[in-house]
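Readers should treat all values here as calculations from the given coordinates under stated rules, not as data from a laboratory. Quantities reported herein were computed from a predicted structural model and do not represent experimental measurements. Counting neighbours? That spans all protein chains shown, and the Cβs are built from the backbone with ideal geometry, glycine included.
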Amino acid sequence: MSTKTDTPRDPDTGAAAAADAGSDLGAAGSQLSTAPTEDVTFPSLGPLGWARWFWRQLTSMRVALLLLFLLSIGAIPGSLIPQTSIDPVKVDQFKVEHSTLGDIYDKLGMFHVYSSVWFSAIYLLLFISLIGCIVPRSWQFVGQLRGRPPGAPRRLTRLPAYTTWRTDADPDEVLAAAERMLKKRRFRAHRAGTAVAAEKGYLREVGNLVFHIALIVMLVAFAVGSLWKSEGGKLITEGDGFANSLTQYDDFKSGAFFDTDTMEPFGFTLNKFVATYERSGPQKGTPRVFRADVTYFSGADGKEHKTPIEVNTPLDIAGSKVYLLSHGYAPEVTVKDGRGKVVYKGAVPFLPQDPKNFTSTGVVKVPGAQTKDGKRNQLGFQGFFVPTFGGKGSGSMFSQFPALDYPVLTLTAYHGDLGVDSGLPQSVYQLQKKNLKQYKVKGAPLAKMMLPGETMKLPNGDGSIQFTGIKNWASFKITHQPGNGLALTGAVAALLGLAGSLFIQRRRVWIRAERVTENGIGITVVEMAGLGRSESARLPEELADLALALEPDAPLAPNAAPGTESDTPSQDPAEPTDSDGPADPSEGARA
Amino acid sequence: MNVAAAANETLAHNSNLLVYSAMAVYTLAFLAHMAEWVFGSRSKVGRTAAALTAQVKAPATVSVVAQKGGTAVLERPKVITKSAAGSREVPDGPGAAGGTEKGDLYGRIAVSLTVLAWALHVGGVITRALSVQRAPWGNMYEFSTTFAAVAVGFYLLLLTLKKNVRWIGLPLVTTVLLDLGLAVTVLYTASDQLVPALHSYWLWIHVSCAIISGAVLYLGAVATLLFLFRDRYEAKLADPTGDQPGAFATSVLERLPSAASLDKFAYRINATVFPLWTFTIIAGAIWAEAAWGRYWGWDPKEVWSFITWVAYAGYLHARATAGWKGRKAAWLGLIAFACYLFNYYGVNIFVTGLHSYAGV
Ligand code: HEM
């Protein structure tokens, strides 16, 4: 150890792997990996020199490491700041609450981190670096496969694993046997001078290259997926249906290259939606089953099929998938106007305000209503629906349970101009009250809590609204996302490559056999040494196995006296060993 | 009307009892480990410093003859191993017991108690699973108890394989107690069924891999942390002119394995788990595709899994990059594990996303 005190205190050299040993060992340790060597020297001037230098830096391991680090740091804000792509409402809320910060964030792209310029820049640079790294490494690797393992270093004793013994066999025969033995164990072996050089574990490098290439495949798949995808939402009330065309979607977005003119013809009808909830215990109200029973068709004259759609089991149809997203209640109402004519009859989806117990709000718009003297009198109703009313005493219109145990609909009514004829699109879930007047009774706004079957009469004989029943609605996401298969292929290849890269050892073994003359007698000294890409406990084990395998062809010299350790000058003069076992000089050396 | 069977109250109750008993026994194991360290500190033998000096005499390049007396039978040959240039050649410390008999006795008692506690602990996890008739990984309480059980299980497995890992016993048992304490107080959720979004066999695959990855990575992180201490300690010893480690630090650190061994242990664990973690994310993506209609949507949980993954990739790269081996890589390894922890506690508690668990 004292010999090491002159090494700098920098502990980084502490875990130096065999790759560094390469510098000690000359060619023997070279190219045991295709990792690029570090090079931080500055370029000679001139644009070409700089360009080359820049490219070198970009494709170095050091910069790859830096970019990986930046990528993980860059991904953080998107998980802490609301993202437009995930929850636009929250983003707006954030902007209202923090106006200055909101502006700064907006400029930095913090509300869409994963499609922002700077995040894209990081990963694009990383992938350019990756390609710049992969291509030369692949070539280099092909070169290594064509070439041969480097010859034995002069002093095998300096390698991480080493063993030696003496034999009477002829060195040539030993080497021939060694080459055979190594080849049988799937080493690439060849003879060079008085030694056999062998190498194994090239699959490690293959795995590493496959892994990195697979990362590129996954990025491409991701890009394909986002450029050609389409995704839309549709809310459907029981009994209603959907057909796949742009106008049918409630909302729709698609990638830059998606062609909305050639959408696959398919569609489905929601027959029934089933939901059950935990009835007791601390998790009362937690959903247990969500199921949408649908009838679907695909193709121009497709036959109809029935199927359930559940949360984890989307409907796979004509290259698209239909996912069940959420559900709610749609109170059924019948509206009569002043003439006594039924001007509206149907189920109106109400949107849950409280996702747990489904206190919902909604509006009913009746543009075709008239007064009893035939004047235009558009009607609008607004109110709450609760599936389980807390009871008269509870005093509030909050639901107590998500299932339909005690459904109550509370509405107030407006009349005038709904604004639906203006041509401007408006939400079906909100009333535009600018030109509407609320009905009042004795100065107080008209409002009524209705049980199914009950009716609310409007003042002045303007008509009535009856709460006739309740239907479920379910909302679906319909997505078309190409590139999924490619992404999965990339992922599996990455995983296999990674396993190869991390679990396979690449190692070299050299076996030397030379005739020496000791005390006037000729004898063959066999030396074996191994070198791995990184320090491994298995390398010495393997070397021992190889030595055992070679032993029949290079039997220990029967009279091998203790003195055979002639090349171990540090040994104490050995005691004559006639005892039961070999002296174990390693023990002595270590003590 | 409820399809899912009501939770079996008795089993759930037994599960809680088992977990509490396990905690009691872990506490005893903790005390026994403390005794092991205390008695071990009185040992005057096996001082690393002494070992260091002895080591100096041994030239690193020795060759040995593999032979057996006069017979020509080659026994399993002795292979001389030599660390790569630049490494310190420091031998491993003698372990917490410091070579003392009394320390060793307490150490053995600690391990036996840990085995008993673990058996109770695993019983608790299994009865919990039986009480709800599903994988016991539906909420943070269940996740935490399973996590600790896997970590201890893996440690005991290494012990069974005769690996030199008893030094990790004290830190492990301490943190397992913390984890379980947190689980039964703050995170406790009565046993119940899962929301429909979690009804999938991917729950078994994805979540079990996530738990195993984290629990094993935790052992790697402990080793990495100890590596940083031990490495500093060895660096100080190697430079007699600089300042020397204090008495307490010496007493603790000299008994640990060498920095090189700790580093190697941590690397093996991280490198072995990395593919599993990669698989966890892939499985999660497949599940997300089935449940939400996209395999990747930058949900906070996904983001942090990704960050954790990239951080571990960075760690592996660092080890292959000159100038980043050793301490710098170790720091990266710790940061990577911190990302895993944040993904679990931080994202579940502070960030809302699609990955919500029933009652935290
Ligand atoms: C997309 C980002 C990248 C990721 C996630 C990644 C991941 C990994 C992982 C996990 C390993 C460990 C496998 C092993 O130790 O054998 C590895 C090894 C390696 N990576 Fe990357 N890598 C990325 C980009 C790059 C780039 C840009 C380069 C080139 C500059 C590169 C060069 C290497 C090399 C040479 C190795 C082998 C190191 C060795 O032989 O031990 N990687 N990479």
Subject >> Residue-count net charge about A:Cys133 - beta-carbon cut-off 12 Å; Lys, Arg +1, Asp, Glu -1 >> reply: +3
Original post:
By counting other Cβ atoms within 10 Å of each Cβ, how are B:Tyr315, B:Tyr188, A:Tyr105 ranked from fewest to most?
Top reply: B:Tyr188, A:Tyr105, B:Tyr315
Original post:
Taking neighbour counts of Cβ atoms within 10 Å as a proxy for exposure, in what order, fewest first, do B:Phe39, B:Phe227, A:Phe111 appear?
Top reply: B:Phe39, A:Phe111, B:Phe227
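Place a +1 charge on the Cβ of each Lys and Arg in region A:49-139 and a -1 charge on the Cβ of each Asp and Glu, then give the dipole magnitude about the Cα centre in debye, rounded to the nearest 20. Mind showing how you got there, number by number?
On the way: 7 positive and 5 negative charges, 133 e Å.
Charge dipole of region A:49-139: 640 debye, to the nearest 20.
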Original post:
Which of the residue pairs B:Lys82/B:Lys264; B:Lys82/B:Lys236; B:Lys264/B:Lys325; B:Lys163/B:Lys236; A:Lys200/B:Lys163; A:Lys372/A:Lys434 have a Cα-Cα distance greater than 19 Å in the structure shown?
Top reply: B:Lys82/B:Lys236; B:Lys163/B:Lys236; A:Lys200/B:Lys163; A:Lys372/A:Lys434
Original post:
Which one of A:Pro552, A:Gly239, A:Met449 has its Cα pushed farthest toward the positive end of the charge dipole of chain A, where Lys and Arg give +1 and Asp and Glu give -1 at the Cβ?
Top reply: A:Met449
**OP:** Pop out the ³J(HN,Hα) list for region B:22-30 in order, Karplus 6.51 cos²θ - 1.76 cosθ + 1.60 with θ = phi - 60°, rounded to Hz; leave Gly and Pro as x.
**Re:** 4, 4, 4, 5, 4, 4, 4, 4, 4
Original post:
Can you sort B:Arg232, A:Arg279 so the residue with the fewest Cβ neighbours within 10 Å comes first?
Top reply: A:Arg279, B:Arg232
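Do the alpha carbons of any pairs in A:Lys336/A:Lys356; A:Lys345/A:Lys433; A:Lys375/A:Lys448; B:Lys78/B:Lys102; A:Lys433/A:Lys471 sit beyond 29 Å of each other, and which pairs?
On the way: A:Lys336/A:Lys356 34 Å; A:Lys345/A:Lys433 22 Å; A:Lys375/A:Lys448 25 Å; B:Lys78/B:Lys102 34 Å; A:Lys433/A:Lys471 27 Å.
Pairs exceeding the cut-off: A:Lys336/A:Lys356; B:Lys78/B:Lys102.
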Original post:
Remind me, relative contact order of region A:49-139 in percent, using alpha carbon pairs under 8 angstrom and six or more residues apart?
Top reply: 37
Original post:
Cβ under 13 Å from A:Phe273's Cβ, A:Phe273 left aside: what net charge do those residues give with Lys, Arg +1 and Asp, Glu -1?
Top reply: -1
Original post:
Counting each DSSP H run of 4 or more residues in chain A as -39500 (n - 2.57), what helix-only mean residue ellipticity at 222 nm follows after dividing by all residues, to the nearest 500 deg cm²/dmol?
Top reply: -9000 deg cm²/dmol
Original post:
From the backbone phi of region B:316-328, what are the Karplus-calculated ³J(HN,Hα) couplings (6.51 cos²θ - 1.76 cosθ + 1.60, θ = phi - 60°) in whole Hz, Gly and Pro given as x?
Top reply: 5, 4, 4, 5, 9, 10, 4, x, 10, 5, x, 4, 5
Original post:
If each of A:Ala192 and A:Trp139 carries a label point 7 Å out from its Cα toward its Cβ, how far apart are those two points in nm?
Top reply: 2.3
**OP:** Set Lys and Arg Cβ to +1 and Asp and Glu Cβ to -1, take the dipole of region A:38-137 about its Cα centre, and tell me which of A:Leu65, A:Ala75, A:Ser120 lies farthest positive.
**Re:** A:Leu65
Subject >> Two-site label geometry, A:Gln248 and A:Lys392: point separation in nm, points 7 Å out along Cα→Cβ >> reply: 4.8
Original post:
Which lysines does A:Lys253 reach when only Cα atoms under 22 Å apart count, and residues fewer than 8 places away in its own chain are ignored?
Top reply: A:Lys90, A:Lys229, A:Lys234, A:Lys321, A:Lys477
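Give me the net charge of B:Tyr345's neighbourhood, meaning all other residues with Cβ under 14 Å from the Cβ of B:Tyr345; Lys, Arg count +1, Asp, Glu -1. Before the final figure, lay out each step's value.
Values: positive: B:Lys301; negative: B:Asp179.
Once positives and negatives cancel, what remains is 0.
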